[in-house]
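Quick notes on the structure that follows.
The values are calculated or read from the model by the stated rules, or taken from the named source; none is laboratory data. Not measured: the values here are computed from a predicted model. In this analysis, Cβ positions are derived from the backbone assuming ideal geometry, glycine residues included, and neighbour counts consider all displayed protein chains.
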Amino acid sequence: MKIVTIVGARPQFIKAAVVSRKLWEFCEETIIHTGQHYDYNMSDIFFEELEIPKPNYNLGISGGTHGKMTGEMLIKIEEVLLQEQPNMVLVYGDTNSTMAGALAAVKLNIPICHVEAGARLGTLSNPEEVNRITTDHVSSLLACCTESAINFLRKEGKTRNVYLVGDPMYDAFLFYGEKVGDNQQESLVDLNGLEVELPTEYYYMTCHRQENAGSDEVLLEILDAANSLEAPCVYPVHPRNQARVARLINKYDFKNVITCKPVGYLMSVYLTLHCKKVITDSGGLQREAFFAGKQCVTVFDYVVWPETMVDNRNQLARPDKKDILDKLSAIQHVRESMTPFGDGDSATKIAKLILDYCSQ
Ligand code: UD1
Ligand code: UDP
């Protein structure tokens, strides 16, 4: 049995790291890396740290408009699929690599398994929402992280081959979190390439969405909030925003914000486990804050993972200094015992679904 796994962006490498391991028990896997994320600390570091085999194909496609990037991926992925003739294509999440992989496969009548199916914001103005909906509706196997995802699919009339498997990000967090423990993984490297010290007490922030980091005005509010916290705020910055962030930090002399280059997954888990609270617009990091029992403020207009919102463990804030600070100080109580994201065995469940489907 042959499976082609298609990845391209940071969060997909993490999910594939746990699922691929289970697939190797019964099938041959070919990995296509679209090239969407390509800097060492956005791509290679994940393959090295998480011991994912080197991709069989790296298509080298990145940047440009969403349409151009997706179109180029579609053309090249189709060529590889024609050559490889897999039994199934496996895609993760909601990036342009996900949708391009799914479209290439469905046009060749190759069944698709979509991991993280059914997540919805409720607006097509978010580029990832288009990718989620399109991918779900052309996939044969829909592996959902949570009950709410199942319900979203049901509302869209998708009930066949929809399975609750839990969240492979939770599997990864448990597995690698144990390895990381209290051992700091690496030092931080600032945006000029110099080493910076990690303070003993800090907030952990990531902010890269087009909606937040795409304009000076909006980003300034978020940076200003981070600068006003009573402890330093560690902010690994996505490459797309580094120039804007550095300019604003210098202009306004935001000394409380410790910017650095993106960190590897193990360091990100370390920062999550040891920070005071998390501020983010990342779908993955808001779940990891929940897994770690850390309070989180998500700077975004839409709820992506409603399960994390219980007991105000995760609160939405507008990109507004006062709202972010109010929400950060309002959340105090965290209950530890819920596992709405499964039991940490979702990779095993996904692999079994694929095996059963392909053996029919
Ligand atoms: C993508 C995903 C988003 C995810 C995010 C981070 C889509 C539509 N969105 O957005 O869901 O949260 O990844 O995981 O796919 N760049 C570099 N080096 C890199 C990668 C990117 O310099 O290694 C720059 C390029 O100039 C590129 C820009 O960042 O044009 C944006 O990257 P892109 O992959 O288009 O989108 P992300 O913001 O990363
Ligand atoms: N992450 C990382 N290094 C960083 C920032 C984030 O390894 O510098 C990890 C984070 O722990 C989470 C994942 O990247 O596991 C989230 O990916 P991202 O925010 O890029 O995408 P999203 O989850 O929003 O799709």
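Exactly one residue among Ala172, Ala149, Ala119 is within 16 Å of ligand 2 (Cβ to nearest atom) and free of Cβ contacts under 8 Å to residues at least 60 places away in the same chain, and that residue is Ala149. Only a single criterion out of (1) touching a Phe, Trp or Tyr at 6+ places or on another chain (Cβ under 8 Å); (2) in contact (Cβ under 8 Å) with a residue 60 or more places away in the chain; (3) under 22 Å from Glu195 (Cα atoms); (4) away from ligand 1 (no atom under 16 Å from the Cβ) is not satisfied by Tyr270, namely (1). Taking the condition over 15 Å from the mean Cα position of the chain (by Cα) and of a type in the set (Ser, Thr, Tyr), does Ser43 pass? Considered against the rule, which asks whether it is over 15 Å from the mean Cα position of the chain (by Cα) and of a type in the set (Ser, Thr, Tyr), Ser43 comes out as no. Within segment 43-99, the set of residues being away from ligand 1 (no atom under 14 Å from the Cβ), buried (at least 24 other Cβ atoms within 10 Å of the Cβ) and part of a helix (DSSP H, G or I) comprises Ile77 only.
From the residues in segment 201-218 that are over 17 Å from the mean Cα position of the chain (by Cα) and away from ligand 1 (no atom under 11 Å from the Cβ), which one is nearest to Arg247 (Cα to Cα)? Per the criteria, the residue is Asp216. Could you go through segment 187-206 and let me know if any residue there is part of a helix (DSSP H, G or I), of a type outside the set (Lys, Arg) and touching an Asp or Glu at 6+ places or on another chain (Cβ under 8 Å). Within segment 187-206 (the criterion being part of a helix (DSSP H, G or I), of a type outside the set (Lys, Arg) and touching an Asp or Glu at 6+ places or on another chain (Cβ under 8 Å)), the answer is no, since none of the residues qualifies.
The criterion of at least 1 residues that are within 12 Å of ligand 2 (Cβ to nearest atom), of a type in the set (A, V, I, L, M) and surrounded by 23 or more Cβ atoms within 10 Å (Cβ to Cβ) is met by the following helices (runs of 4 or more DSSP H) wholly inside segment 212-288: 265-274. Based on what the data block shows, is Val310 surrounded by 23 or more Cβ atoms within 10 Å (Cβ to Cβ) and more than 16 Å from ligand 1 (Cβ to nearest atom)? So Val310 does not fit the description; no.
Annotation note: Cβ proximity below 7 Å between a residue of segment 42-70 that is of a type in the set (Lys, Arg) and a residue that is surrounded by fewer than 20 Cβ atoms within 10 Å (Cβ to Cβ) (sequence gap 6+ or interchain) occurs for Lys54/Phe47.
Check whether at least one residue in segment 176-194 is within 16 Å of ligand 1 (Cβ to nearest atom), loosely packed, with under 14 Cβ neighbours inside 10 Å and more than 24 Å from the chain's Cα centre (by Cα), and report yes or no. Yes, there is a match, as at least one residue in segment 176-194 is within 16 Å of ligand 1 (Cβ to nearest atom), loosely packed, with under 14 Cβ neighbours inside 10 Å and more than 24 Å from the chain's Cα centre (by Cα). Taken as a whole, the structure leaves Asn250 outside the set of residues that are at pLDDT below 95, more than 19 Å from Val299 (Cα to Cα) and over 22 Å from the mean Cα position of the chain (by Cα). Summed over segment 97-121, the residues that are within 23 Å of Ser62 (Cβ to Cβ) and not hydrophobic (A, V, I, L, M, F, W, C) give a count of 6.
Per-residue answers, yes or no, for (1) outside any strand (DSSP E or B); (2) farther than 19 Å from Ile6 by Cα; (3) of a type in the set (Lys, Arg):
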residue	(1), (2), (3)
His114	no, no, no
Asn151	yes, yes, no
Arg154	yes, yes, yes
Gly166	yes, yes, no
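With respect to the conditions (1) part of a strand (DSSP E or B); (2) away from ligand 1 (no atom under 15 Å from the Cβ), Phe26 falls short on a single one, namely (1).
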